[in-house]
Amino acid sequence: MHNINHLQLQSTQRYDEFDPQQEGNKNVTFIDFVIDGQSLYIMLKQYDRIPALG
């Protein structure tokens with residue numbers, strides 16, 4: 001059996017507009033990988049990492 005994954009790219013920001021954590025931090029806009037409906041950024045958020053493309 002073969003696994004078929006669905007890959008998308010989505011523009012997103014590190015913080016929401018009203019997120020108190022953005023105070024004093026850089027709010028970065030980046031392209032997020034979405035794999036089978038799950039954001040790679042959300043999966044790595046606990047490590048405060050933003051996925052890099054190339």
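Rule-based calculations on the coordinates, nothing more; no lab input. Nothing here was measured: the structure is a model prediction, and the numbers come from that model. Glycine also receives a Cβ, built like all others from the backbone with ideal geometry; neighbour counts cover every protein chain displayed.
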Points 7 angstrom from Cα along the Cβ direction at L40 and T12: gap in nanometres?
1.1
Would you please put 4-11, 26-33 in order of how densely packed they are, using the mean number of other Cβ atoms within 10 angstrom per residue and starting with the highest?
26-33, 4-11
